[in-house]
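Enquirer: Right, I'll just put the structure down here and ask away after.
The values are calculated or read from the model by the stated rules, or taken from the named source; none is laboratory data. Just so it is clear, the model here is predicted, and its values are computed rather than measured. Backbone-built Cβ (ideal geometry, glycine too); neighbour counts: all protein chains shown. Ligands, DNA and RNA are excluded from the accessible area calculation, which covers all protein heavy atoms including side chains. Shrake-Rupley method; radii C 1.70, N 1.55, O 1.52, S 1.80 Å.
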Amino acid sequence: MSKKQHYKITVNGKEEEFLAEPRELLIYTLRERLNITGPHIGCETSHCGACTVTIDGKSVKSCTMFVAQADGKKITTIEGIGGPDNLHPLQTAFKEHHGLQCGYCTPGMITRAKKLLEENPNPTEAEIRFGMAGNICRCTGYQNIVKSIQAAAAEMNAAKEAAE
Amino acid sequence: MKDEVTSREERIENLKGMGCSRKRVEDARFTQGKGNYVDDIKLDGMLFGDFVRSPYAHAKIVNIDTSAALEVPGVLAVLTAKDLEPLGLHWMPTLAGDRQMVLADGKVLFQGQEVAFVVAVDRYAAADGIEAVEVEYEELEVLVDPFKAMKSDVVLRPDTVAEDGSPAAGAHGPRKHHNHIFTWEAGDKGPTFETIDNAEVVAEETMYYHRTHPCPLETCGCVASMDKVNGKLTLWGTFQAPHAIRTVVSLISGIEEHNIRVISPDIGGGFGNKVGAYPGYVCSVVASIVTGKPVKWIEDRMDNLMTTAFARDYHMTGRVSATREGKITGLHCHVTADHGGFDACADPTKFPAGFMNICTGSYDIPTAFLQVDGVYTNKAPGGVSYRCSFRVTEAVYFIERMIEVLAIELNMDAAELRRINFIKKEQFPYKAALGWEYDSGDYHTAWDKALKTVDYEGLRAEQAQRVEDFKAGKTRSLMGIGLSFFTEIVGAGPVKNCDILGLGMFDSCEIRIHPTGSAIARLGTISQGQGHATTFAQILASEIGLPADSITIEEGDTDTAPYGLGTYGSRSTPVAGAATAMAGRKIRAKAQMIAAYLLEVHDNDVEFDVDRFVVKGAPEKFKTMKEIAFAAYNQAIPGIEPGLEAVSYYDPPNMTYPFGAYICVMDIDVDTGLPEIRRFYALDDCGTRINPMIIEGQVHGGLTEALAVALGQEIAYDDMGNVKTGTLMDFFLPTAWEVPNYETDYTVTPSPHHPIGAKGVGESPHVGGVPCFSNAIQDAFRPFGNRHTNMPHDHWRIWKTANELGLHD
Ligand code: FES
Ligand code: FES
């Protein structure tokens with residue numbers, strides 16, 4: 001056990017302050033300390049992507065980061081992407097195109113896909129497959145995940161065009 | 001009446017019943033991060049438990065010193081076998097009739113075995129406590145090879161030796177050796193051997209179906225909470241069979257079953273991993289009783305891969321005989337099954353090798369004989385059905401490889417060899433040589449459709465050209481055409497021959513219709529991603545004429561759900577789906593009487609039509625199911641009890657036999673060993689189709705797991721019994737980058753004995769997919785003399801095959 005330190009992070013727009021051991025992994029800070037249970041744990045070795053969040057504009061596997069490294073950062077989880085009253089097009093598309101089964105990978109998938117579409121609003125299928133390769137799904141075989149992301153991209157681009 | 005304007009078609013559409021691609025009701029919570037998986041559960045004062053695990057595969061435990069661990073801040077207790085022994089809980093029964101140590105009792109039998117259970121305020125404190133437990137081991141000789149184990153003097157399990165030193169009988173009969181678990185046989189040995197010995201052509205092959213693991217994205221875990229005030233134990237966990245877990249917990253703990261409530265919350269994939277009972281469950285319960293606090297145990301990925309529920313590990317030898325024209329006359333299969341340190345296979349009691357006796361496949365084979373020998377080794381226990389019905393994956397791989405080898409022996413096209421040996425449509429119900437009665441099938445139609453769709457002849461011509469080009473030095477890439485035609489056996493099963501720990505493998509459904517025409521149905525199964533809340537509501541919608549959107553499906557809470565044996569082996573649709581339909585029909589029968597009363601006609605003068613009962617010959621006179629539901633609660637109807645509820649416990653008369661035809665086209669780079677899947681066509685016949693969207697999703701997922709197993713996924717051990725593939729770095733899980741797009745197709749041959757004709761589909765693509773991928777690789781090398789190479793076909797092994805065939809010279 002090491003001495004507890006003071007940390008301040010912003011999660012989904014809300015500032016959180018607490019004392020924690022520096023060795024605490026960010027995924028546990030989120031899930032156990034802050035009760036944000038959308039991000040999941042599939043490996044704790046940064047292979048599966050179930051724990052994916054966005055930190056200062058980058059996709060991060062939150063099992064790879066100590067809470068100390070996240071100090072002062074802005075974090076977005078699936079809970080900050082959309083809820084019952086403001087579903088994100090990706091959330092709708094995953095349902096519409098059967099992009100999930102057990103749902104365990106889904107928060108990480110959608111969080112990563114959102115970032116991917118920000119980086120590249122018009123990805124090819126290969127770019128989607130490559131860009132999502134850090135997120136493992138054991139149920140769907142990915143085909144419908146790819147379809148869901150393509151559909152959301154089309155929807156988001158159409159909305160953007162309409163707004164312009 | 002109010003909805004007269006609606007056409008019949010619209011009324012059908014409004015129900016969202018069977019056959020439509022209804023969107024899933026589960027998805028709203030999952031896409032918003034609001035699923036409720038076991039690790040999301042948080043209770044007041046909850047503690048965390050975790051294991052000290054053995055670094056050795058076989059060792060004597062000399063001493064365990066927990067004193068330093070108890071000094072670690074946050075650690076409350078450390079349990080060892082000594083603490084569990086007075087409660088009789090240091091060992092537990094396995095589903096296979098064997099016993100398994102909960103915590104190491106004097107020795108360990110596999111790497112990662114549970115030695116002590118540290119209970120602390122959180123995961124970090126538990127991890128610190130684990131570091132501080134001192135265990136003194138004395139290493140023993142390690143047996144990782146079942147063939148060597150069967151000859152070794154080393155006794156792995158002292159309880160396998162009788163007092164006179166001879167091997168003691170096991171749960172499935174006499175042992176041949178102290179490390180032998182059972183011999184299981186099916187079919188006729190004499191006639192089979194005679195047929196093979198006198199045959200015109202015999203093909204022989206030895207193959208190893210390697211050890212692997214279901215590895216769902218969520219690992220196993222539980223939360224146990226003993227309420228000492230009212231004496232009730234609540235156990236949340238990743239259970240594919242919550243009722244069976246309740247019964248097991250009651251039997252081993254002595255707590256009465258009504259005082260135990262088992263809850264399976266959302267489950268992050270199962271694939272067979274979450275059927276068994278694990279030491280973590282027992283230790284959490286004991287720890288909760290000891291501390292008076294809720295205790296959570298969640299395994300990490302290494303624990304998961306190393307200890308809970310391996311799959312496969314079958315060494316198979318086959319002989320198949322045929323006439324020169326290719327008509328198969330006999331089949332012999334012998335299996336040496338590596339079960340690890342404890343026999344913890346999750347099979348129905350009477351089937352220690354599961355349904356391996358489906359290994360005659362889709363073919364009309366007059367005589368066959370199967371023998372399976374189970375063996376103990378220093379590996380993890382398990383032997384679960386990884387996305388398949390009990391050992392069916394092994395059986396189908398065996399026969400689909402034997403067919404390919406026979407085709408080579410006969411110098412025949414493997415597609416044609418399959419066709420001339422298929423069981424014919426008119427032979428169903430078909431009694432197979434190894435005992436099963438196949439319910440229905442139309443194999444020729446499916447096969448012809450598949451071959452035509454992919455232009456099989458064109459592919460073979462292209463492949464021949466490629467071989468020419470390769471020989472001429474124009475290309476370094478070969479082309480493989482993988483074929484597989486599988487018959488699954490699912491839906492366990494008839495209580496007369498299927499039980500687990502004495503519990504018959506029926507399943508159940510209970511329906512309550514609410515006065516305003518909506519409903520709740522509860523089942524004995526539990527979804528792990530299959531979408532039961534969506535599809536079971538569709539079955540009911542079609543049966544009782546209320547919209548699927550008005551029907552809530554609930555599973556997984558033993559206090560509310562009717563008793564059932566859970567979800568695995570593609571049994572939910574065949575068994576619980578049938579129970580759902582039957583319970584729906586009971587509702588409909590009562591509704592008919594109410595309708596007749598309301599319409600002032602005789603019961604027999606009304607008939608069901610989509611969502612209502614109409615007076616025969618006068619369709620303008622009707623009562624909708626919604627109206628009938630209300631009447632059931634607000635009218636005194638002579639001779640009929642108020643309310644509208646039904647329960648059905650369904651004992652299936654037979655198993656169901658889904659089948660399918662898969663074809664894979666691959667290009668293989670001879671110099672890198674890299675396979676590229678160019679095309680994968682999957683035709684499935686799962687009988688009546690409830691939700692095509694979900695079926696397609698199941699096929700995609702099952703094929704991807706098949707790809708994984710065929711092309712690289714493996715639990716490998718070194719000679720010391722060290723697990724070499726204990727993390728996702730070494731254990732292959734395909735990503736979106738490695739996985740192709742699949743083409744799906746279907747035929748429909750309903751099951752004649754199932755109330756709605758459905759057969760189950762979740763596992764077919766895995767069962768049929770593994771041989772298809774493997775056959776594609778092997779087919780590419782067939783022109784160069786390849787007969788058989790073992791899976792997993794990772795790049796290195798493919799390169800090695802090419803090298804051994806001289807293709808790099
Ligand atoms: S839990 Fe973080 S990548 Fe798997
Ligand atoms: S939906 Fe189950 S892991 Fe992706």
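Enquirer: Considering only DSSP states other than H, G, I, E and B, which trypsin sites (Lys or Arg not before Pro) in region A:110-164 qualify as loop sites with at most 11 other Cβ atoms within 10 Å?
Expert: Passing both the DSSP loop test and the Cβ count: no residue.
Enquirer: Which value, in Å² and to the nearest 10, is the accessible area of B:LEU47 when all protein chains are kept and the probe is 1.4 Å?
Expert: Looks like 10 Å² after rounding.
Enquirer: Please give me, ordered by residue number, the trypsin sites (Lys or Arg not before Pro) of region B:273-332 that lie in loop per DSSP and have at most 12 other Cβ atoms within 10 Å.
Expert: The qualifying sites are B:ARG324.
Enquirer: Run the quick spin-label model on B:ASP197 and B:LYS449: label points 7 Å from Cα toward the beta carbon, then report their separation in nm to one decimal.
Expert: 4.5
Enquirer: Just give the residues from region B:26-49 buried by at least 40 square angstrom of accessible area in the all-chains context relative to the isolated chain, probe 1.4 Å, and say none if nothing qualifies.
Expert: The answer is B:ASP27, B:PHE30, B:THR31, B:GLN32, B:GLY33, B:TYR37, B:ASP39, B:ASP40, B:LYS42 - residues whose exposure falls by at least 40 Å² when every protein chain is included.
Enquirer: GluC sites (Glu not before Pro), restricted to region B:538-622: which are DSSP loop and have at most 16 other Cβ atoms within 10 Å?
Expert: B:GLU600
Enquirer: A further question follows. In Å², and per residue, what accessible area does region A:73-164 have when probed at 1.4 Å with the other protein chains present?
Expert: Result: 39 Å² of accessible area for each residue.
Enquirer: How much accessible area is lost when chains A and B come together, counting both sides, with a 1.4 Å probe, in Å² rounded to the nearest 100?
Expert: Chains A and B together bury approximately 4600 Å².
Enquirer: Would you list B:VAL699, B:VAL748 from the most to the least accessible area, probe 1.4 Å?
Expert: Most to least solvent-accessible, the answer reads B:VAL748, B:VAL699.
Enquirer: Here is a further query. On the Cα set of the protein assembly as shown, report Rg and Dmax in Å, please.
Expert: Values for the protein assembly as shown (Cα only, Rg and Dmax): 28.5, 90 Å.
Enquirer: Principal axis lengths of region A:5-80 from Cα atoms, whole Å, largest first?
Expert: Cα spread of region A:5-80 along its principal axes, largest to smallest: 29, 24, 21 Å.
Enquirer: If you take the beta carbon distance between B:HIS808 and B:ALA472 as r and set R0 to 25 Å, what does 1/(1 + (r/R0)^6) give as a FRET efficiency, to the nearest 0.05?
Expert: 0.90
Enquirer: Let me have the 222 nm mean residue ellipticity of chain B computed from DSSP H runs of 4+ only, each contributing -39500 (n - 2.57), with the sum over all residues rounded to the nearest 500.
Expert: -8500 deg cm²/dmol
Enquirer: Something else: My understanding is that a pair violates if its Cα-Cα distance is over 21 Å; which of B:LYS60/B:LYS274; B:LYS34/B:LYS228; B:LYS350/B:LYS425; B:LYS82/B:LYS232; B:LYS60/B:LYS176; A:LYS8/A:LYS74 do that in this structure?
Expert: B:LYS60/B:LYS274; B:LYS34/B:LYS228; B:LYS350/B:LYS425; B:LYS82/B:LYS232; B:LYS60/B:LYS176
Enquirer: Taking the Cα atoms of chain B, what is the range of coordinates along each of the three principal axes, in descending order and whole Å?
Expert: On the principal axes, chain B reaches 85, 74, 51 Å in Cα extent.
Enquirer: Can you work out the FRET efficiency for the pair B:HIS514 and A:ALA162, with r the C-beta to C-beta distance and R0 = 30 Å, to the nearest 0.05?
Expert: 0.10
Enquirer: Given the protein chains as shown and a 1.4 Å probe, how many square angstrom of B:SER440 are accessible, to the nearest 10?
Expert: About 10 Å², ignoring ligands and nucleic acids.
Enquirer: Now for a separate question. Mean Kyte-Doolittle of at least -1.0 plus a Cα span of 20 Å or more along the axis: flag which DSSP H helices in chain B meet both, please.
Expert: Those that clear 20 Å and a mean of -1.0 are B:392-410, B:578-599, B:692-711, B:764-781.
Enquirer: If I take R0 = 60 Å and measure r between the Cβ atoms of B:ASP413 and B:ASN259 in this structure, what FRET efficiency does the formula 1/(1 + (r/R0)^6) give, to the nearest 0.05?
Expert: 0.40
Enquirer: For chain B, report the accessible area per residue in Å² (1.4 Å probe, heavy atoms, rounded to an integer).
Expert: Per residue, chain B has 34 Å² of solvent-accessible surface.
Enquirer: If you don't mind, there's one more thing I want to ask. Let me cross-check B:LYS176: its accessible surface, 1.4 Å probe, with only protein heavy atoms counted, in Å² to the nearest 10?
Expert: 120
Enquirer: Right, next: Taking Cα atoms of region A:89-163, Rg/Rh with Kirkwood Rh, to two decimals?
Expert: Reported Rg/Rh (Cα atoms, Kirkwood Rh): 0.94.
Enquirer: Further question on the same structure: Just to make sure I understand: if all protein chains stay in place, what is the order of B:MET655, B:MET693, A:MET156 by accessible area at 1.4 Å, largest first?
Expert: From most exposed to least exposed: A:MET156, B:MET693, B:MET655.
Enquirer: Over chain B, what percent of the accessible surface lies on carbon and sulfur atoms, probe 1.4 Å?
Expert: Looking at chain B in its full context, I get 51 percent from C and S.
Enquirer: Give me the distance between the Cα centres of region A:52-66 and region B:430-473, rounded to whole Å.
Expert: Distance between centres, Cα-based: 47 Å.
Enquirer: Can you give the helix-only mean residue ellipticity at 222 nm for chain A, where every DSSP H stretch with n ≥ 4 adds -39500 (n - 2.57) and the sum goes over all residues, rounded to the nearest 500 deg cm²/dmol?
Expert: Value at 222 nm, helices only, nearest 500: -10000 deg cm²/dmol.
Enquirer: Once neighbouring chains are kept in place and the probe is 1.4 Å, which whole percent of the accessible area of region A:5-80 is contributed by carbon and sulfur?
Expert: 47
Enquirer: Right, next: Order B:THR704, B:THR349, most accessible first, counting only protein heavy atoms with a 1.4 angstrom probe.
Expert: Ranking B:THR704, B:THR349 by accessible area, largest first, yields B:THR349, B:THR704.
Enquirer: Next question, about the same structure. Ignoring ligands, DNA and RNA, what percent of the 1.4 Å accessible area of region A:89-163 is carbon and sulfur?
Expert: Answer for region A:89-163 is 55 percent, counting heavy atoms of protein chains only.
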